[in-house]
Every structure is written in C-alpha cells, then in structure tokens.
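Down below is the structure, laid out as structure tokens.
What follows is calculated from the coordinates using simple rules that are stated; it is not laboratory data. Note that the structure is predicted; figures quoted are calculated from it, not measured. Virtual Cβ from ideal backbone geometry, glycine too; neighbours counted across all protein chains shown.
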Ligand SMILES: NC(=O)c1ccc[n+]([C@@H]2O[C@H](COP(=O)([O-])OP(=O)(O)OC[C@H]3O[C@@H](n4cnc5c(N)ncnc54)[C@H](O)[C@@H]3O)[C@@H](O)[C@H]2O)c1
C-alpha cells in the first residue's frame with residue numbers, strides 16, 4: 001500500500017474494464033496495491049475471477065460485454081449495489097482485429113466502432129453518472145492507442161479510427177465534466193508485451209508496420225503492461241489532480257523517431 005502519498009488510493013472504488021488480461025489486469029493490480037477497492041469487469045469472467053482472487057476478498061469480478069448497452073447498464077447497477085459510489089474508471093476493454101484497408105467490410109468497420117467507441121462511450125457516461133451522485137468528483141482514463149495519433153501498424157485503419165474517436169470523446173467529456181470535478185484523459189500505449197500470452201488463432205498473421213521497423217523503438221523493446229499501468233495510476237491519483245482532456249503517449253519514444 002502507498003500510504004499518505006501522492007499515489008495513495010485508500011478508500012477509492014475503481015472499476016477497470018477488460019481487467020482479466022493484459023493492461024487491464026496490470027492496472028487493476030497496481031490500483032489495488034495503491035489501496036483502491038477494485039471492480040474487475042471482463043467478458044472473460046473466469047479470468048476476471050482469477051484476478052479478483054489474486055487481489056483478495058475486498059475486490060470483485062463482474063461479467064460484462066462491451067458490445068451490449070444492456071450489459072454495460074447492468075454492470076453499473078452492480079457497481080452501485082456493491083459500493084454505492086465510483087471514484088475511478090479505467091475504460092480499458094477494447095478489440096483490435098486488423099483489416100486491410102482495401103478489404104475492410106462495413107460490418108467489420110461498424111463492429112469496431114460499436115465496441116471501441118460506442119461501448120466505451122456508454123461506459124464513460126454511466127461511470128460519470130455514478131460519480132456525480134456523490135459529488136466527490138472522479139477520474140476517468142480511456143485506454144486508446146498510439147495508432148490514434150501516429151500510424152504504427154499496418155492494416156489498422158478501422159482500429160486507429162476508433163481510437164482517434166475515443167480520444168475525441170476524452171476531450172468532450174473532460175470539458176463537460178470539469179464542473180463536476182471529473183477529470184478525463186486518454187493513455188496511448190505503443191507496443192505492449194502480452195502479460196499472459198494466449199494462443200493465436202490459426203489464421204493469425206504477425207503484424208507489420210513502422211512500429212515494428214528497425215530503430216523505431218528507442219527504448220529497445222515493447223512496454224511491459226505495468227509500464228502502462230504506472231502512468232494510469234498517476235492520472236487517477238492526487239498526482240494527476242490538474243490534468244484533464246489530455247492524450248498521454250506511452251510509446252517508449254516511437255513517436256519521436
Ligand atoms: N497490447 C498493445 O500493444 C496495445 C497497444 C495500444 C493500445 N492497446 C489497448 O489497450 C487495451 C487493452 O489491450 P490489451 O493489450 O491488454 O489486450 P488483451 O486482449 O490482453 O485484454 C483485453 C481484455 O478486454 C476483454 N474484452 C475484449 N472484448 C470485450 C468485450 N466485448 N467486453 C468486455 N471485455 C472485453 C478481454 O477479455 C481481455 O481481458 C485495448 O483497448 C487495446 O486497444 C493495447
């Protein structure tokens with residue numbers, strides 16, 4: 001626990017979506033270590049339960065599907081029932097299939113925007129409603145991608161457009177929620193190593209593009225998931241009290257190459 005410091009989250013309730021794996025799992029683990037009580041939300045309920053069990057009895061797993069507004073509303077009804085408040089949202093769950101620019105279909109495009117933009121928007125809006133009920137302000141971090149700001153990987157036109165739209169949501173929400181003391185920012189990770197590598201689908205093609213090209217990672221390697229979680233902790237703690245509406249790039253220097 002980080003006591004009496006800039007990064008102390010004792011007494012805060014934090015919801016992390018997509019917290020069963022990867023960046024979400026690393027973030028939930030760090031926020032819990034900082035003293036927050038976690039709601040670990042994921043479509044993969046078994047993974048969410050495993051994380052909750054690792055973190056201890058105060059933390060709860062909830063199953064939800066970012067593709068369904070009904071499911072998102074049910075998630076927030078559960079958060080309200082369990083805690084009657086919410087202080088922190090890490091809006092992390094998202095999908096990232098790659099589609100060649102020339103071949104992407106309307107259905108693929110719409111699915112990407114439906115989940116990564118509309119789904120994340122509904123999560124943000126529901127979180128802010130719950131935060132406003134207690135008038136204690138709040139913190140929201142949308143997990144975007146370097147792809148929103150710089151083309152990093154090929155075949156990600158639909159994904160990049162979805163994350164750029166999410167960053168636009170960040171700015172609008174930061175402006176509208178500022179009077180309520182709710183701060184909203186985006187984190188834009190570059191390449192991140194899988195926390196718990198899972199088998200790739202049979203048709204999986206390795207990614208190509210500028211991010212994977214020689215000399216484009218000045219720090220010499222992709223990030224570990226906890227190296228994205230650290231800046232998120234800064235944004236949701238007292239250390240980030242005067243930051244809102246920003247897009248913070250965490251890419252190991254890719255964008256200056
Ligand atoms: N890994 C990277 O290199 C990288 C880089 C930039 C941005 N990001 C972004 O970071 C976020 C997390 O990615 P990650 O790399 O940790 O991925 P991941 O696949 O390891 O984790 C994503 C989590 O989201 C959950 N999820 C997926 N679809 C869902 C749905 N419909 N409803 C609820 N939960 C769902 C998954 O079950 C999983 O636990 C994503 O928004 C991704 O776009 C990742």
Helix 226-236 versus the longest principal axis of the chain: what is the Cα-based angle in degrees, 0 to 90, to the nearest 10? 50 degrees
With each pseudo-label sitting 7 Å past Cα toward Cβ, what's the residue 193-residue 95 distance in nm, one decimal? 2.9 nm
Along the principal axes of its C-alpha atoms, what lengths does region 1-116 span, in descending order and rounded to whole Å? 54, 27, 24
Going highest first, how would you order 138-148, 211-221, 108-118, 25-35 by mean Cβ packing within 10 Å? 138-148, 25-35, 108-118, 211-221
Estimated 222 nm signal from helices in the chain, with DSSP H stretches of n ≥ 4 weighted -39500 (n - 2.57), rounded to 500: -11500 deg cm²/dmol
The ratio Rg/Rh over the Cα atoms of region 121-247, Rh being the Kirkwood inverse mean 1/r radius, stands at 1.03
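Could you tell me the relative contact order of the chain? Use alpha-carbon pairs under 8 Å, at least six residues apart, and round to a whole percent. If you can, show how the numbers build up before the last one.
Details: 529 pairs, mean separation 51.3, N = 257.
Answer for the chain is 20 percent.
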Can you pull a Stokes-Einstein diffusion coefficient for region 68-146 at 10 °C (1.306 mPa s), Rh from Kirkwood over Cα pairs, as a whole number of µm²/s? 114 µm²/s
At q = 0.13 Å⁻¹, the log10 of I(q)/I(0) for the chain from a Debye sum over equal Cα scatterers comes to -0.79
Compute the helix-to-body angle for 45-55: its Cα long axis versus the longest principal axis of the chain, expressed 0 to 90° and rounded to tens. 60 degrees
Tilt, helix 69-83 to longest principal axis of the chain (alpha-carbon atoms), in degrees rounded to tens, equals 40 degrees
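Sorted by average packing, counted as other Cβ atoms within 10 angstrom per residue and highest first, what order do 186-192, 121-127, 11-17, 45-51 take? Mind dumping the intermediate values first?
Working: 186-192: 23.0, 121-127: 20.9, 11-17: 24.6, 45-51: 18.7.
Packing order, densest peptide first, comes out as 11-17, 186-192, 121-127, 45-51.
How do the peptides 98-105, 152-159 rank, highest first, by the average count of neighbouring beta carbon atoms within 10 Å per residue?
152-159, 98-105
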